[in-house]
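Structure record follows, encoded as structure tokens.
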Amino acid sequence: MSAITMAPEVRIGIDELAPLLDAGIGPRGRIGFIALANGYVTEHEVARMIPGDVVLYVNRVASENVVDLANLRLMEGDLARAASMILPADRIDVLVYGCTSGTIAMGEDAVIEALGKIRPGIPVTTPITGALAAFAALGAGKVAMLTPYVFEVTAAMRDYFISRGVAVVGAANFNVALNSDIHRITPRAIRDAALEIDTPEADAVFISCTALRTADVIEEIEAALGKPVVTSNQALAWHALRLMGYTDPVPGLGHLFTI
């Protein structure tokens with residue numbers, strides 16, 4: 001048997017090249033988005049509402065399926081973890097917590113403070129924060145409010161708006177207790193309810209909950225009522241863009257996105 005002859009080892013040099021860097025994905029903006037573990041509508045709606053040169057980066061916070069004030073408050077213990085896992089070593093331009101009722105249950109200031117500690121120096125918003133900014137921009141001091149929630153959550157939201165100087169001149173709720181069922185409320189049912197709850201003294205109609213599919217009916221409702229409509233996802237997307245300095249109008253999303 002002949003011996004195997006090994007070829008001499010050949011070492012290939014490794015050249016060092018200089019990379020060309022750009023702004024990466026999302027050149028005009030990156031939104032860090034905290035969605036609910038039991039939610040799936042909000043990031044799809046918000047992604048539809050932001051321009052193509054802005055990108056959404058999503059992580060989830062632990063949440064219960066039953067939507068009551070006690071369960072909503074439980075999210076506070078997981079907010080920091082959820083926020084800390086969104087591009088921790090890279091840039092985001094605004095941080096968003098995507099739950100309207102959770103913001104009410106935990107407190108708007110508490111949510112913003114908790115997230116600000118994780119990403120200091122980055123603007124933070126919530127659906128409630130965005131809605132209040134939208135009412136101010138629209139000059140809407142009186143609103144008619146539609147929610148999918150049970151009474152205690154709806155009442156807490158009504159009372160918070162009143163405490164912030166927004167008069168709630170009409171309110172109605174679908175009285176749905178499960179987040180998984182809120183996702184299934186049809187856009188047509190939302191439209192019909194919004195038309196029903198409007199009152200002549202309301203400056204705008206507010207449709208609460210990021211789990212509601214509202215994007216396709218905002219302009220239809222506005223056309224029927226002749227007044228602005230503000231929804232949780234729409235206000236959240238609009239306010240996030242404005243906080244990062246993005247002021248271009250986005251068509252198809254109602255009067256709010258033109259200002």
Give the separation of the Cα centroids, segment 9-44 to segment 204-232, in Å. 34 Å
If ligands, DNA and RNA are left out, what is the accessible area of residue 164 with a 1.4 Å probe, given in Å² to the nearest 10? 120 Å²
Note down, for the chain, the three equivalent ellipsoid semi-axes (square root of 5 times each alpha carbon gyration tensor eigenvalue), biggest first, whole angstrom. 43, 21, 18
Taking the Cα centre of the chain as origin, work out the dipole magnitude from +1 charges on Lys and Arg Cβ and -1 charges on Asp and Glu Cβ, in debye rounded to 20. 140 debye
Taking springs between alpha-carbon atoms closer than 10 angstrom, which of 22, 192, 109 fluctuates most in the Gaussian network model of the chain? 22
Accessible-area order (highest first, 1.4 angstrom probe) of the listed residues 183, 255, 44: 44, 255, 183
Expected max-MSF residue from 195, 115, 212 in the GNM of the chain (alpha carbon, under 10 Å) is 195
What is the packing order of peptides 10-19, 32-41, 217-226, 149-158, taking the mean over residues of other C-beta atoms within 10 Å and listing the highest first? 32-41, 149-158, 217-226, 10-19
At R0 = 51 Å, FRET efficiency that the Cβ-Cβ distance of residue 136 and residue 20 yields, to 0.05: 0.75
Can you compute the modelled spin-label distance between residue 164 and residue 181, with each label point 7 Å from Cα toward Cβ, in nm? 2.8 nm
Going from most exposed to least, what order do 227, 142 have by accessible area with a 1.4 Å probe? 142, 227
To the nearest 10 square angstrom, how much accessible area does residue 97 have with a 1.4 angstrom probe? 0 Å²
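The values are calculated or read from the model by the stated rules, or taken from the named source; none is laboratory data. Keep in mind it's a predicted model, so treat the numbers as computed, not measured. Glycine gets a Cβ as well: all are built from the backbone with ideal geometry, and neighbour counts include every protein chain shown. These area figures cover heavy atoms from the full protein model, side chains too; ligands, DNA and RNA do not enter into them. Shrake-Rupley method; radii C 1.70, N 1.55, O 1.52, S 1.80 Å.
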